[in-house]
1. Please find, within segment 589-606, the residue that is nearest to ARG569 (Cα to Cα) out of those that are modelled with pLDDT under 95 and surrounded by fewer than 16 Cβ atoms within 10 Å (Cβ to Cβ).
2. Yes or no: segment 464-484 includes at least one residue that is among the small types (Gly, Ala, Ser) and closer than 26 Å to TRP589 by Cβ.
3. Restricting attention to segment 443-451, does a residue exist that is loosely packed, with under 14 Cβ neighbours inside 10 Å and among the hydrophobic types (A, V, I, L, M, F, W, C)?
4. Every residue in segment 668-686 that is farther than 15 Å from VAL621 by Cα and either assigned to a loop (DSSP other than H, G, I, E, B) or of a type in the set (D, E, K, R) (or both), please.
5. Quickly run through segment 54-76 and pick out the residues that are closer than 18 Å to ALA652 by Cα and surrounded by fewer than 17 Cβ atoms within 10 Å (Cβ to Cβ).
6. Being hydrophobic (A, V, I, L, M, F, W, C), on the phi < 0 side of the Ramachandran plot and surrounded by fewer than 20 Cβ atoms within 10 Å (Cβ to Cβ) is true for just one of VAL567, VAL641, VAL628, VAL649. Which residue is that?
7. Could you go through segment 407-416 and let me know if any residue there is assigned to a helix (DSSP H, G or I) and either touching a Cys at 6+ places or on another chain (Cβ under 9 Å) or not assigned by TED's automatic domain parsing to the domain that holds ALA26 (or both).
8. Within segment 250-268, is even one residue modelled with pLDDT of 90 or more, of a type in the set (A, V, I, L, M) and surrounded by fewer than 17 Cβ atoms within 10 Å (Cβ to Cβ)?
Amino acid sequence: MEDEGSRDTRRTTAVWAAVTVLGVIAGYVGVLLANARHFYTDDTEAQYVPLWLTVGRHLRDGAFPGLEPERWMAGNYLVEGQASLFNPPQLLVAAIAPSFDNMVVLATVVKLAYSIILALGVFRICLAYRAQPPWAAVAGVAFCFSGWLLFLDQASWALGLVGTAWLAHAWASGVRYARGQSGPIPVFVFLYFTITIGYVWPGVEAAVMIVAVAAGEWVYQRTPWPSLRLLLAAGCAGLAGAITYLPSLLSSDATWRVADGAIRNDGFMTVPWSESLNASLPTTLPSFNSWFGLIQPFPVVYIAWFLIPGLAFIDWKAAAKSAREISGIAFFALITLVWTAGPATLGPLRWPARVLPMLALALLVLGCVLLSRHGSFANWRTRVAVAVGLVALLWVRSVASAPYDRIRVHLVAALVVIVLGAVVALLYAKWGRTAACAALLVTIAPIAYYQVNESFPHPMSWNLPESRSEAKARFPDFDGTTLQLGNSQIFPGDAKNSDGVYTSLVVGFSAEVPGVTYVNGYTPIGNRAFSERTCMFWEGSTCAESFGKIFEIEPATGKPIVDLMKVDRITLMRLVYPDARWQPPPPGWHWVDYPPNDKWIWVLERDGGPISTDNGRIADVGTGVDAVSTAESGYTSTARVSSETGGRVTFARLAWPGYRATLDGRDLDVEALDDIFVSVTIPPGTENAHLEVTWRPPGMYLGATILALGLTGIGLLHWWFVRNRRRPESADTHPADEPPVPTDAADTDTGRAGGESGKVLAR
């Protein structure tokens, strides 16, 4: 039966978990007051939210959205991975997305939910290392508003936020499993969620985290078996989640991301270790090479204002006795610190600055655990002097990173940090730990407001339309399939709005917002052959030569590439093609005006109307071949074919690996015509035969098999855990040289130096 002390501990933990949630909400309010669109920025507006709409639309239609042939190189969602098609929480997000009209609200609500999940995950990590709930709450809320997470993952790279949220819970559950406090299933589930979002960085970071935690637990428990169990559980999750990445890996030869195993260091997006000394100054603008040049426009290396000064208030002699127990955190911090500094490319992994959230997570957890368990005001004058010295060092380093007219700004920030630290210290001296941690929590939202307000507008924002209904009302009612030729990178800044370029131009997947069908999309992997033939880039932009390229004749069929693609309309960006309208249209096309939407575009449409729905996706049949489409889906084209002499049938489908064809059940070879079009050769003497061309992503059967192995493995581990479960009263045991940490404010103050000045922060 649970005793009163345990109930009080659970109640206290629940209260501080609720405080953590409220702290995240308050931080979001602060950010939104500074920039209402902050969480709908860059890739979120051009890629993720429209992709959620696309996937959600297919799910509501009862279809699995693996392939959209009309989107060509951006429409292979299983190879792409970031549609998160094997991730249940993300499928739920996609399913509800079409119910929202306002995309800013959708993005903000989803990111708030994941930020709360993340904060509670960090809260759980701290508790797993026996930090007090108030300090765990501080760590959870502070991490959600650390620099990289706030300005990049939360603002733009949504799946970075999602993956980190699940990784945090996997970490906490991993520690608990290794210490016999819970079973392997939570580790498996949270790692599976981390891996299957389809964004490779959190998956790799999770693997590094598990190895670090396992190493730390081996050091702590002085036996390898708990760590081995943890590694086995993580391995089962890796097997189960591999189905997300196998199609991409097995299709890599057709993409930009050929896995060549290269290790390069050009210095791009690599962060010098010295930038860690900027971690506690809110105004810092770090110095490293990125898209923004040498000086970054926002404080991406910022972690928390109290982290570095707080080092002065740790009893390091006492902390040394806990070194083995928290060594897993230190291992992870060390690995991520080294990783952020380079090399710039490790095979398919590039831009190691993306690991900054992991470094922030490790350092913040480590700092808050140490402050909770070994914080002290003994010799407070010396500690205050050291803290002030650390703040001065922060100021010097921040000035050295970005000295341009910011010396005074950094000086004011340093003084504010000192004042805030003094206030927190006084609150602790008078009212204890709860008041001090509450004060720390109160400071987070205003600092986030200041930082976002200072960087407004976000330099990566596309400023795409917020409302689907408004976007649809302002956009031309284009039927059929449209191909846009132009460069979104040269959109005029003052015209990036609903009254400007977005009345007729799209970027990334944004055509999904007004609900029109475009070839253009967003793809980080691309299709190398298609990109070369059409000169199309990652966000759907094209080069100036694209117009000529799409009208080049494919020799085997004698048709232009644009005809084989079955495109109904071409829009040309006027800034790229200023005189196109005054040239004769290509044969079979004519110029069309769409006032008032044609301020930014010229429009070519086909003579005789759209062809995208004519005879399914059959784009060309050879001489002597008769082929009539009988059914179409994203994955399959079927037709009735006849030919006395034999000949070729070409489909408006991009020749991704994984296509197969049958004729009345007999296998046919599938060719990649001009390296991009699916094509089959019908044998002579064929009469009224059933032709079926079907795409199945490479590795699906293998992925399903190893997923089953992963599920079987975790089932066995769970059976073993239940069979050998410790008794409840011994579940929280720890080595004899690691005394339990006080969990109540009335517990004894160990290490007291005398009087109030000797209080430890664990109170």
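The values are calculated or read from the model by the stated rules, or taken from the named source; none is laboratory data. Please read these numbers as outputs of a predicted model, since none were measured by experiment. No Cβ is skipped: glycine too gets one built from the backbone with ideal geometry, and neighbour counts run over all protein chains shown.
1. First pass over segment 589-606, keeping only residues modelled with pLDDT under 95: 593-599.
Filter once more, so that each one left must be surrounded by fewer than 16 Cβ atoms within 10 Å (Cβ to Cβ): 593, 595-596, 599.
Numbers: ASP593: 12, PRO595: 16, PRO596: 18, LYS599: 17 Å.
Applying the filter and picking the extreme gives ASP593.
2. If we filter segment 464-484 for residues that are among the small types (Gly, Ala, Ser), which is where we start, we get 467, 469, 471, 473, 480.
Narrowing the set further to residues that are closer than 26 Å to TRP589 by Cβ leaves 480.
Yes; the residues of segment 464-484 include at least one that is among the small types (Gly, Ala, Ser) and closer than 26 Å to TRP589 by Cβ.
3. No: zero hits.
4. Those that are farther than 15 Å from VAL621 by Cα and either assigned to a loop (DSSP other than H, G, I, E, B) or of a type in the set (D, E, K, R) (or both): ASP669, ASP674, ASP675, ILE676, GLY685.
5. Answer for segment 54-76, where residues must be closer than 18 Å to ALA652 by Cα and surrounded by fewer than 17 Cβ atoms within 10 Å (Cβ to Cβ): just GLU68.
6. Values: VAL567 fails: surrounded by fewer than 20 Cβ atoms within 10 Å (Cβ to Cβ); VAL641 fails: surrounded by fewer than 20 Cβ atoms within 10 Å (Cβ to Cβ); VAL649 fails: surrounded by fewer than 20 Cβ atoms within 10 Å (Cβ to Cβ).
None of the others qualify; the one that does is VAL628.
7. If we filter segment 407-416 for residues that are assigned to a helix (DSSP H, G or I), which is where we start, we get 407-416.
Those still in the list that are either touching a Cys at 6+ places or on another chain (Cβ under 9 Å) or not assigned by TED's automatic domain parsing to the domain that holds ALA26 (or both) too: none.
Scanning segment 407-416 turns up no residue that is assigned to a helix (DSSP H, G or I) and either touching a Cys at 6+ places or on another chain (Cβ under 9 Å) or not assigned by TED's automatic domain parsing to the domain that holds ALA26 (or both).
8. no
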